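Take a look at the structure set out below.
The values are calculated or read from the model by the stated rules, or taken from the named source; none is laboratory data. Keep in mind that this is a model prediction, so the values were computed, not measured. Because the Cβ atoms are built from the backbone with ideal geometry, glycine has one as well, and the counts that use them run over all protein chains shown.
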Amino acid sequence: MNPMKLFAFFKLNKKSKGQGMVEFALAFPIILLITFGIIEFGRFFFSYISVYIASRESARFGSAAGMTPNGVPHYWDCTAIEQRGMDLGFFAGLTTDSIDVGYDTGPDTTVTWGCPQPIVAGSRIVVRVVSNYRPIVPLVNMPPMTLRSQMARTIIVNIDVSGIPPSPTPRPVTPTMTRTPSSTPTPTFTFTPTYTHTPGPSPTPTNTPTATNTPTPSNTPTPTNTHTPTATYCPPDVCTPTPTNTPTMTPTPTFTPSPTFTPTPTFTPTPNCTNLSAGTGTISSNIFSFTIYNSAATDVVITGISADWAPSSKLLDYIQFGSSIIWDASGGTASPPIFSTTTFNTGSNITLNANTNKSMRLVFTSANPKDFAVSVSFSNGCTVSP
């Protein structure tokens, strides 16, 4: 090979490598900026999604029906609501200070912040999550931002379905009437004529027939029989006199049937029990608890409680309705019991006001009762069971 050509080849190759390094040095910062920009924007959107999901799922948890493992309704278990948001929004670094819980009565109404709060029919739980976002790559010119998300859901007080409720309007009862047919009496006549003939020198005989008519009507009619005999003289050795009998009978009377009376049925109104319900019962150690809801416009009073559980050796210590202990066994003597107003503690509050709810707790002297069957009766005739 020609040495000049070989020298030119190496010189040209060395020049190409230097050009490629210069081009790479110029393009590398741009490539690096694009790469870190993709990472930073991805982190930003992931943080926003975490804040959004945390507010949505916390509101959903707080609006659920029933009781939490802590023995309180979902919408009043503030610690569990905040923990739900922190578990799902961990990527955004959420804490208890990042989550606010409040209540309102519908869209475009004022939110009362703070948990727990009294609720009414139609109340909503509102959860607001706030998180501060700061970029971690200084090459990307993104300012710090505040991510906010607020969700509200209507509180589900009760979702128990026990069947089709009875109709409040009773069906009319059609009485069955039996008509008594009219009876037609059939009179029976018995005619027995008696003749007395005395022969003698007188050409005029005496004929005295006697007719006896005994009608027997089924409805006691009184027929009239008029007998007028006509005697024609005939010698005894020639002919026998033939009397003529013309009875006259009174027509059968027409009977009017007895009037038929239509009874007036008496209806017992069916109580409207759709406004009374009980939440799902929960067992925590030695406590069985559930919530009773009254969405009606009138107050109701507890008239009786029937409770059953297993094993029967577990003794009941006391029953608490709201903040009032309505029955106390003084050491546990009920296993299992039936209570009424005569067994409730004197002065205990057994009234459930309109549009309110109260929790009922059965507290035992030892832990782990199970298989509960509890029913609560009220003064309006309704009964609820958890």
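Looking only at the range 306-317, count every residue that is at pLDDT below 85 and surrounded by 16 or more Cβ atoms within 10 Å (Cβ to Cβ) and tell me the total.
Matching residues across the range 306-317 total 2.
I'd like the full set of residues that are closer than 24 Å to residue 337 by Cβ and assigned to a loop (DSSP other than H, G, I, E, B), limited to the range 267-311.
Correct list: 273, 279, 280, 281, 285, 286, 311.
Can you pull out the residues in the range 317-344 that are out of contact with any strand residue (DSSP E or B) (no Cβ under 7 Å at 6 or more places or on another chain) and either part of a strand (DSSP E or B) or outside the structural domain of residue 362 (by TED's automatic domain parsing) (or both)? Outline the logic, then answer.
Looking only at the range 317-344, we keep the residues that are out of contact with any strand residue (DSSP E or B) (no Cβ under 7 Å at 6 or more places or on another chain), and these are 323-324, 330-331, 333, 342.
Result: 324, single match.
Have a look at 383, 346 and point out the one that is more than 15 Å from residue 325 (Cβ to Cβ), of a type in the set (Val, Ile, Thr) and out of contact with any Asp or Glu (no Cβ under 9 Å at 6 or more places or on another chain). Walk me through it before giving the result.
On the way: 346 fails: more than 15 Å from residue 325 (Cβ to Cβ).
Only one candidate qualifies: 383.
Among the listed residues 344, 364, 372, 378, which satisfies the condition of being surrounded by 13 or more Cβ atoms within 10 Å (Cβ to Cβ), over 24 Å from the mean Cα position of the chain (by Cα) and touching a residue at least 60 places away in the same chain (Cβ under 8 Å)? Step through it out loud before you land on a result.
On the way: 344 fails: touching a residue at least 60 places away in the same chain (Cβ under 8 Å); 372 fails: over 24 Å from the mean Cα position of the chain (by Cα); 378 fails: over 24 Å from the mean Cα position of the chain (by Cα).
Going through 344, 364, 372, 378 in turn, just one is surrounded by 13 or more Cβ atoms within 10 Å (Cβ to Cβ), over 24 Å from the mean Cα position of the chain (by Cα) and touching a residue at least 60 places away in the same chain (Cβ under 8 Å): 364.
I want to confirm something. Restricting to the range 39-65 and keeping residues that are assigned to a loop (DSSP other than H, G, I, E, B) and touching a helix residue (DSSP H, G or I) at 6+ places or on another chain (Cβ under 7 Å), which single residue is farthest from residue 283 (Cα to Cα)?
At the first step, the residues of the range 39-65 found to be assigned to a loop (DSSP other than H, G, I, E, B) are 63-65.
From what is left, the residues that are touching a helix residue (DSSP H, G or I) at 6+ places or on another chain (Cβ under 7 Å) are 63-64.
Working: 63: 21, 64: 18 Å.
Top of the filtered list is 63.
Taking residue 75 as meeting all but one of (1) without any contact (Cβ under 8 Å) to a residue 40 or more places away in the chain; (2) under 31 Å from the mean Cα position of the chain (by Cα), write down the number of the exception.
Looking at each condition in turn, residue 75 falls short on (1).
Mind counting the residues in the range 80-90 that are surrounded by fewer than 13 Cβ atoms within 10 Å (Cβ to Cβ) and either at pLDDT 90 or above or not assigned by TED's automatic domain parsing to the domain that holds residue 47 (or both)? Break it down into steps so the answer makes sense when it comes.
So the first thing to find is which residues in the range 80-90 are surrounded by fewer than 13 Cβ atoms within 10 Å (Cβ to Cβ), and the list is 87, 90.
Within this subset, residues satisfying the condition of being either at pLDDT 90 or above or not assigned by TED's automatic domain parsing to the domain that holds residue 47 (or both) are 87.
Here the count works out to 1.
What residue, of 323, 284, is within 25 Å of residue 118 (Cβ to Cβ), in contact with a Gly (Cβ under 6 Å, 6 or more places away or on another chain) and surrounded by fewer than 15 Cβ atoms within 10 Å (Cβ to Cβ)? Walk me through how you get there before you give the answer.
Numbers: 323 fails: in contact with a Gly (Cβ under 6 Å, 6 or more places away or on another chain).
Testing whether each residue is within 25 Å of residue 118 (Cβ to Cβ), in contact with a Gly (Cβ under 6 Å, 6 or more places away or on another chain) and surrounded by fewer than 15 Cβ atoms within 10 Å (Cβ to Cβ) leaves just 284.
Which of the following residues is in a strand (DSSP E or B), charged (D, E, K, R) and not assigned by TED's automatic domain parsing to the domain that holds residue 117: 358, 314?
Working: 314 fails: in a strand (DSSP E or B).
Being in a strand (DSSP E or B), charged (D, E, K, R) and not assigned by TED's automatic domain parsing to the domain that holds residue 117 holds for just one of 358, 314, which is 358.
Out of curiosity, is residue 93 in contact with a strand residue (DSSP E or B) (Cβ under 6 Å, 6 or more places away or on another chain) and surrounded by fewer than 21 Cβ atoms within 10 Å (Cβ to Cβ)?
Criteria not met by residue 93.
Starting from the range 37-48, keep only residues that are closer than 14 Å to residue 91 by Cβ, then list their pairs with residues that are assigned to a helix (DSSP H, G or I) and not aliphatic (A, V, I, L, M) whose Cβ atoms are within a distance under 8 Å, requiring at least 6 positions of separation or different chains.
Final answer for the pair search is 46/91; 47/91.
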